[in-house]
Amino acid sequence: MPLVTLSSLTSGVYDRLEQNTAFYPSSEVVGNINDAIRTINLYTGFLRTTALLGSEPGQPIYDAPRSILCVTRVDYNGRELDFASLASLCHSRPRWISDTTATTDSPVSTWTPMGIKRILLSPAPADSQVEIKLYGVAEPVPLVNHSDTINMQAEFADMIKDLAACQCMVKCGGVVARDGMILYKQFLTRMKSLKRFRRNVNPAFRVEIDKGVGV
């Protein structure tokens, strides 16, 4: 993906604000750009990262590091684990809290999200410091300086500009706020058309629902 600078994003937002730097200070525009990046990244997961953990004997639950917003996949000792919802795991392994690879004589085979940043391995590892590799949506690094860059496709850059400009405009009320909502509708239209957005709703983002099915 190409590198996009904060300078180019700021310029695009001001184009939508008719270059009104007096009414929309740079600090506000940059803050809204960073907010828009976080929002669109949560919707699409266009920023991805990995993190390594080490297993602890008998410990089934692990926390993802701050660099990961949402876990989407887990590998254990180089092998991808199957996903299971918490309700499904409780049904298939009612003793998951105490089951280990030693007591069940079976390898770690399943991962389950417990919230957004915590995962459960089943059965729990009996060995220490076996590699657990987490894949997930990355926490964006805030853009501060004009030369700061972020990797993204052009379509995401345009949506960030639309959403950031909308956030600036809606505070004004009246005709300006109305025009800002036009930008917001444009942003929603682009978001709905993204194949990446539709793909990430299922199965990349795991959500527990009443029937215990991963969505």
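Annotations
- Environment charge at V4 (Cβ cut-off 13 Å; Lys +1, Arg +1, Asp -1, Glu -1): -2
- Here's how it looks for E139: its modeled amide H is under 5 Å from those of I68, L69, which are all 5 or more places away or on a different chain.
- With only the Cα atoms considered, region 48-138 has a convex hull volume of 78 Å³ per residue.
- Under 15 Å from K117, Cα to Cα: aspartates and glutamates that are on another chain or at least 8 residues apart: D63, E139, E208
- Longest to shortest principal axis, alpha-carbon extents of the chain, angstrom: 68, 37, 25
- Structure-based [θ]222 nm, the chain - -39500 (n - 2.57) summed over DSSP H runs of at least 4, per residue, nearest 500: -12000 deg cm²/dmol
- Environment charge of D15, counting only residues whose C-beta is closer than 15 Å and scoring Lys/Arg +1, Asp/Glu -1: -2
- Vicinal HN-Hα couplings computed from phi for region 23-37 (Karplus, 6.51 cos²θ - 1.76 cosθ + 1.60; Hz; Gly/Pro x): 7, 10, x, 4, 4, 5, 4, 5, x, 5, 5, 5, 4, 5, 4
Bear in mind these aren't lab numbers, they're just calculated from the coordinates by the rules spelled out. Computed from a prediction, not measured in an experiment: that's the story for all the values here. Counting neighbours? That spans all protein chains shown, and the Cβs are built from the backbone with ideal geometry, glycine included.
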